[in-house]
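Okay, structure first, notes after.
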Amino acid sequence: MLHGYHGCYLRFDLTTGRGTRVPIPDAVLRRYIGGVGLASWILHREAPVGVDPLAPEAPLVFCFSPLVGTPLTTSAKFAVVAKSPLTGLLCDALSSSHFAIEGKRSGFDALVFTGRCAQPCVWIAGELVPTDLWGSTPAQTESALSQHGRVASIGVAGENGVLFATISNDGRHAGRGGLGTVMGAKKLKAIVVRGTQRPTLADPGAVTRRARDLSRRAQGPATAKYRELGTAGNLLAFSRLGTLPTRNFRGERLEGVERLAAENLQPVRQERRKSCASCNIGCEHLYRVGQGASVRVEYENLFALGPLCGISNPEDVLEASRLCDEFGLDTVSAGGTIAFAMECAERGYLADAPCFGDAAGLLALLADIAHQRGVGKLLSLGSRRAAQVIGRGSLDFAPQVKGLEIPGYEPRTLQTMALGLAVSTRGADHNRSGAYELDFSDRVDRLHGDERAARLAIEPEARAALMDSLILCKFLRHAVDDLFEESADMLREVVGWDVDAAELRATAGRITNLKKAFNIREGWEPPDDTLPRRLLEEPIAEGAGRGARLTRQRLERMVRSYNLARGWTAEGYLRTEAIRDLGDDLPTSAQNP
Amino acid sequence: MPAAGIVLCGGMSSRMGRPKALLPWQGRTVLEVVIDVLRSVADEVVAVTSGEFELPAVDAHVIQDREPRLGPLGGIRDGLAVVGSDLAFVASTDAPFLSASFVKAMLGFGGAAACEFDGHVQTLCAVYDRRYCEVADALIREKRMRPLFLLEGSGYRRVLPDEVPAADSIRGFNTPKEYLAALRATDGPAILEFLGHAGQQARLSRIEVQAGTLGEILRSAEPELFASADGEIPKQYLVSLNARAFVRNASMPVGPGDHIIVMDSAVGG
């Protein structure tokens, strides 16, 4: 028996109400570690090929990791993985805090839910209980169930089938790709975990010493930005550098955007700062909004519900963010889809949608989306499917990749990130590809992406794949000198493996390959790795990025270079040896077509 | 009389250590400044590049050298080959002081012309005649690569500085030291702005500063934060110049009109 693991997962069939303990071979744990890696392996095994993401057979995986429950700072995290109803591909999202610690104590390395409840239920530590909490907010649900353990739940958006609904716990979200929609389709309002089973550690003394050292570094200058200002501190700098998307990526200046800058909001709005469990960075900044309410503020909320929709009034943007929390909506997809609708309205393609800058319209539309009312019903499908219904060439400016709305990184002025957004396995994504870190450096020319930059983009992806599987918070990444070396040390001390940095580099590559293999299995094709036509044909019109242009040819060259550097075919398919390396316990449908 | 402008921006800039065309100048690149001057006088502007680095989007017809590494004569020949006017004022890219009145006066001589300045015939701020393109071809074949040979072959007029206005506007720079001196000789402030967490640490969020190296400016503005900014910018900060490149080299010259943004190096989410 390995230290740090339980060596099994729970497969719980919501249709029958029965759970099964499924052993996980040690070799699989070593190949995929935990978190996103292990959950992707479980999904690959448990999901029938071509399954409808909202069908009862589609699995929903909550996965912990070997580091959860240790004193290592930021390790209280878990991954949620399923086939996304928004993209039709693998979706992996992370969340954190007490749910992770308590979930690991349940005695399983992962909880896998299949089937569908006959009526709305909550799952409480192995028991399925009918509930009258359907219609409640995540906060209300959590409050009602907290006596039983730690709670992850969905809001009305997930209940109503909005394709970008979140799963919420401890005030945080597994946000992207519609994982809450998968849970809602199973009529599962909440999952409550509790337990007493704590895996042993291989070298408890060494883990304690490492935890102390890591905590000290996590209090240093490398994380000061997150602690002092939070990710919202990006907004004004991004605006100055021409990397802040505005008005559905039309590349225009937005007057008054400074009003949303954390530098200006924090002194008058900040109510308090919080940390996740087992974290001493403390990145959560809660701002006052409305009459006595507060909302957690991140750059992505501000960007998507503010500048992207042409809105710069802080009260409106914070209220929109609070509503997304309340409904259980992914803020990036909500903002992206509404910005798309605003442009459609301005072009006369869509009646009953607000125009850019209409804050009251934005707030009303969020409620309409969550409740599937009026034009909100169409927009609850996300921008890609809405564009397919609207037609008239609107897909060209739907701000999405593979169906997932683009986060707040302007691809034309961050061209290494443009590649990262195009090739990411879960769609437009800034958490699996940290390619923007290269753009924000002197290592590449961010306005002229090239093949060299494309090759460099693999490194931050590898770091993300490893951190998401250990799991450690990415805000720690600047506090670690050599992530692969130090992660190997952690795994030696926690699990007892004789592992080194080179093995973990290979593991990170394998995890990316596994996600790619799942997508290939589910219908991914090379043309999917691209960006909306707008971003490939229209230069930035105004502001600091004025004139910046990314062409289709340039992006295609970068994608090809990236694929080859990854060891894939030029088109992006896995080679035979990479498929073999995934393990012989995966379905043969991992093969390329 | 119709005239063209040609900017040579394909040089290796080996003494400068980086492409001179892309050097910041009053919030833009020197290339953009020179193009704007030529555009104000000429009917068309061509930028001849080596293709070894990417140019910003510029208001000019950008062409690439037909043959690499031929030096300025190759660029002049290639530029003359595509312009529609008989006369073209050819400028090197490192001439941000270039005066439109000087260019206009030089073109006014009606034929090939070059000004003598600092004891030399300034062949890279001179007027060339497109009809002598074949001469350039012959010179290149003979490996006689000095642009002066082309001027001589086309019967150029040697202009004295007092015959034209602002003859000294053709001075350029080849080394970081000369570039910094040129910046210091230019009036006006640069803007230094601290954003995000760096802005919380700094005493002032936005100030005007005088020309100098990046390290000098940062140390002067925030001595506590940038005491160690000698060779490189401290790694916890990210410094952007004019919202384009990020700079780590603290000896980078910065001058009037430049916009320095200092932010935390922990970018993104």
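The values are calculated or read from the model by the stated rules, or taken from the named source; none is laboratory data. Computed from a predicted model, the values in this text were never measured in an experiment. Cβ atoms come from the backbone with ideal geometry, glycine included; neighbour counts cover every protein chain shown.
What are the pairs with Cβ atoms under 6 angstrom where one residue, in the range A:198-211, is touching a residue at least 12 places away in the same chain (Cβ under 8 Å) and under 17 Å from A:Thr74 (Cβ atoms) and the other, located anywhere, is among the charged types (D, E, K, R) and surrounded by 13 or more Cβ atoms within 10 Å (Cβ to Cβ)? Sequence gap at least six, or different chains. Pairs found: A:Val207/A:Glu493.
Identify the residue in the range A:570-591 that is of a type outside the set (S, T, N, Q), in contact with a helix residue (DSSP H, G or I) (Cβ under 8 Å, 6 or more places away or on another chain) and part of a helix (DSSP H, G or I) and, among all such residues, is modelled with the lowest pLDDT. Walk me through how you get there before you give the answer.
So in the range A:570-591, the residues of a type outside the set (S, T, N, Q) come out as A:570-575, A:577-587, A:590.
Still in the list and also in contact with a helix residue (DSSP H, G or I) (Cβ under 8 Å, 6 or more places away or on another chain): A:570-574, A:578-579, A:581-583, A:585-587, A:590.
Within this subset, residues satisfying the condition of being part of a helix (DSSP H, G or I) are A:578-579, A:581, A:590.
Working: A:Ala578: 95, A:Ile579: 94, A:Asp581: 95, A:Ala590: 49.
Of everything passing the filter in the range A:570-591, A:Ala590 is modelled with the lowest pLDDT.
Would you confirm whether any residue within the range A:468-481 is surrounded by fewer than 21 Cβ atoms within 10 Å (Cβ to Cβ), touching a Leu at 6+ places or on another chain (Cβ under 9 Å), away from chain B (no Cβ under 14 Å) and modelled with pLDDT of 95 or more? There is no residue in the range A:468-481 that is surrounded by fewer than 21 Cβ atoms within 10 Å (Cβ to Cβ), touching a Leu at 6+ places or on another chain (Cβ under 9 Å), away from chain B (no Cβ under 14 Å) and modelled with pLDDT of 95 or more.
Which residue pairs have Cβ atoms under 6 Å apart, sit 6 or more places apart or on different chains, and have a first residue in the range A:1-20 that is in the same structural domain as A:Gly126 (by TED's automatic domain parsing) and at pLDDT below 95 and a second that is charged (D, E, K, R) and outside any loop (DSSP other than H, G, I, E, B)? From the range A:1-20, the pairs are A:Leu2/A:Asp26.
Return yes or no: is A:Pro399 surrounded by 22 or more Cβ atoms within 10 Å (Cβ to Cβ), in contact (Cβ under 8 Å) with a residue 12 or more places away in the chain and in contact with a strand residue (DSSP E or B) (Cβ under 6 Å, 6 or more places away or on another chain)? Yes: the conditions hold for A:Pro399. If I filter the range B:215-225 for residues that are among the β-branched types (Val, Ile, Thr), within 14 Å of chain A (Cβ to nearest Cβ) and under 27 Å from A:Ala222 (Cβ atoms), do I get at least one hit? Among the residues of the range B:215-225, not one is among the β-branched types (Val, Ile, Thr), within 14 Å of chain A (Cβ to nearest Cβ) and under 27 Å from A:Ala222 (Cβ atoms), which makes the answer no. With the requirement that a residue be over 13 Å from B:Gly199 (Cβ atoms) and at the interface with another protein chain (Cβ under 9 Å from one of its Cβ atoms), what does the range A:218-237 give you? Across the range A:218-237, the qualifying residues are A:Pro221, A:Ala222, A:Thr223, A:Tyr226, A:Arg227, A:Thr231. State whether one or more residues within the range A:465-478 are closer than 24 Å to A:Asp585 by Cβ, in a helix (DSSP H, G or I), of a type in the set (Gly, Ala, Ser) and in contact with a helix residue (DSSP H, G or I) (Cβ under 8 Å, 6 or more places away or on another chain). Yes, some residue in the range A:465-478 is closer than 24 Å to A:Asp585 by Cβ, in a helix (DSSP H, G or I), of a type in the set (Gly, Ala, Ser) and in contact with a helix residue (DSSP H, G or I) (Cβ under 8 Å, 6 or more places away or on another chain).
Among the residues of this structure, A:Ser383 counts as one that is in contact with a strand residue (DSSP E or B) (Cβ under 8 Å, 6 or more places away or on another chain) and of a type in the set (Ser, Thr, Tyr). For the range A:426-434, indicate whether the set of residues that are within 14 Å of chain B (Cβ to nearest Cβ), surrounded by fewer than 23 Cβ atoms within 10 Å (Cβ to Cβ) and among the hydroxyl-bearing types (Ser, Thr, Tyr) is non-empty. Checking the range A:426-434: not a single residue is within 14 Å of chain B (Cβ to nearest Cβ), surrounded by fewer than 23 Cβ atoms within 10 Å (Cβ to Cβ) and among the hydroxyl-bearing types (Ser, Thr, Tyr).
Residue by residue, here is whether (1) assigned by TED's automatic domain parsing to the domain that holds B:Leu8; (2) farther than 30 Å from A:Phe475 by Cβ; (3) in a loop (DSSP other than H, G, I, E, B) holds:
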{"site": "B:Asp168", "(1), (2), (3)": "yes, yes, no"}
{"site": "B:Leu183", "(1), (2), (3)": "no, yes, no"}
{"site": "B:His197", "(1), (2), (3)": "no, no, no"}
{"site": "B:Gln200", "(1), (2), (3)": "no, no, no"}
{"site": "B:Glu208", "(1), (2), (3)": "no, yes, no"}
{"site": "B:Gly215", "(1), (2), (3)": "no, no, no"}
{"site": "B:Ala227", "(1), (2), (3)": "no, no, yes"}
{"site": "B:Val239", "(1), (2), (3)": "no, no, no"}
{"site": "B:Ile260", "(1), (2), (3)": "no, no, no"}
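Listed by position, the strands (runs of 3 or more DSSP E) inside the range A:65-119 whose residues that are of a type in the set (S, T, N, Q) number at least 2 are A:90-96.
Can you find even one residue in the range B:102-113 that is small (Gly, Ala, Ser), touching a Pro at 6+ places or on another chain (Cβ under 7 Å) and under 30 Å from B:Ala181 (Cα atoms)? Lay out the reasoning, then the answer.
Here is the first cut: in the range B:102-113, the ones small (Gly, Ala, Ser) are B:105, B:108, B:110-113.
Of the ones still in play, those that are also touching a Pro at 6+ places or on another chain (Cβ under 7 Å) are B:105.
Applying the additional criterion that residues be under 30 Å from B:Ala181 (Cα atoms) yields B:105.
For the range B:102-113, residues small (Gly, Ala, Ser), touching a Pro at 6+ places or on another chain (Cβ under 7 Å) and under 30 Å from B:Ala181 (Cα atoms): present.
Of the residues screened, B:Gln200 is not one that is surrounded by 13 or more Cβ atoms within 10 Å (Cβ to Cβ) and at pLDDT 90 or above.
Each residue in the range B:29-61 was checked for being away from chain A (no Cβ under 14 Å), among the aliphatic types (A, V, I, L, M) and not in a helix (DSSP H, G or I), and 6 pass.
On inspection, A:Gly567 fails the criterion of being of a type outside the set (Asp, Glu), within 24 Å of A:Glu451 (Cα to Cα), outside any helix (DSSP H, G or I) and modelled with pLDDT under 95.
Those helices (runs of 4 or more DSSP H) of the range A:358-435 in which at least 2 residues are under 18 Å from the mean Cα position of the chain (by Cα), considering only elements entirely within it, cover A:382-390, A:415-423.
Hey, can you tell me all the residues within the range B:13-28 that are in a helix (DSSP H, G or I) and either of a type in the set (D, E, K, R) or more than 11 Å from the chain's Cα centre (by Cα) (or both)?
B:Lys20
Going through (1) in contact with an Asp or Glu (Cβ under 6 Å, 6 or more places away or on another chain); (2) at pLDDT 95 or above; (3) within 14 Å of chain B (Cβ to nearest Cβ) one by one, A:Asn248 falls short only on (3). Residues that are at the interface with chain A (Cβ under 10 Å from one of its Cβ atoms) and in contact with a helix residue (DSSP H, G or I) (Cβ under 7 Å, 6 or more places away or on another chain) were ranked within the range B:199-214; the one that is farthest from B:Gly17 (Cα to Cα) is B:Gln200.
Within the range B:158-197, the set of residues being surrounded by 16 or more Cβ atoms within 10 Å (Cβ to Cβ) and basic (Lys, Arg) comprises B:Arg171 only.
Can you name the residue in the range A:242-274 that is among the aliphatic types (A, V, I, L, M) and over 25 Å from the mean Cα position of the chain (by Cα) and is also farthest from A:Leu536 (Cα to Cα) among such residues? Applying the filter and picking the extreme gives A:Val268. In the range A:500-519, which residue that is buried (at least 22 other Cβ atoms within 10 Å of the Cβ) and hydrophobic (A, V, I, L, M, F, W, C) is farthest from the other protein chains (Cβ to nearest Cβ)? In this case the residue turns out to be A:Ala517. The set of residues in the range A:270-309 being outside any strand (DSSP E or B), out of contact with any helix residue (DSSP H, G or I) (no Cβ under 7 Å at 6 or more places or on another chain) and more than 30 Å from A:Ala211 (Cα to Cα) consists of A:Gln291, A:Gly292.
Exactly one of (1) in contact with a strand residue (DSSP E or B) (Cβ under 8 Å, 6 or more places away or on another chain); (2) modelled with pLDDT under 95 is unmet by A:His448. Its number? Looking at each condition in turn, A:His448 falls short on (1). Which ones in the range A:435-463 are out of contact with any Asp or Glu (no Cβ under 8 Å at 6 or more places or on another chain), away from chain B (no Cβ under 11 Å) and crowded, with 24+ Cβ neighbours inside 10 Å? Hits for the range A:435-463 are A:Ala454, A:Ala457.
Find the residue count for the range B:240-259, including only residues that are of a type in the set (A, V, I, L, M, F, W, C) and either at the interface with chain A (Cβ under 8 Å from one of its Cβ atoms) or more than 19 Å from the chain's Cα centre (by Cα) (or both). Before you say what the answer is, go through the steps one by one.
Initial filter on the range B:240-259 (of a type in the set (A, V, I, L, M, F, W, C)): B:241, B:243, B:245-247, B:250, B:252, B:254.
Those left that are additionally either at the interface with chain A (Cβ under 8 Å from one of its Cβ atoms) or more than 19 Å from the chain's Cα centre (by Cα) (or both): B:243, B:245-247, B:250.
So the answer is 5.
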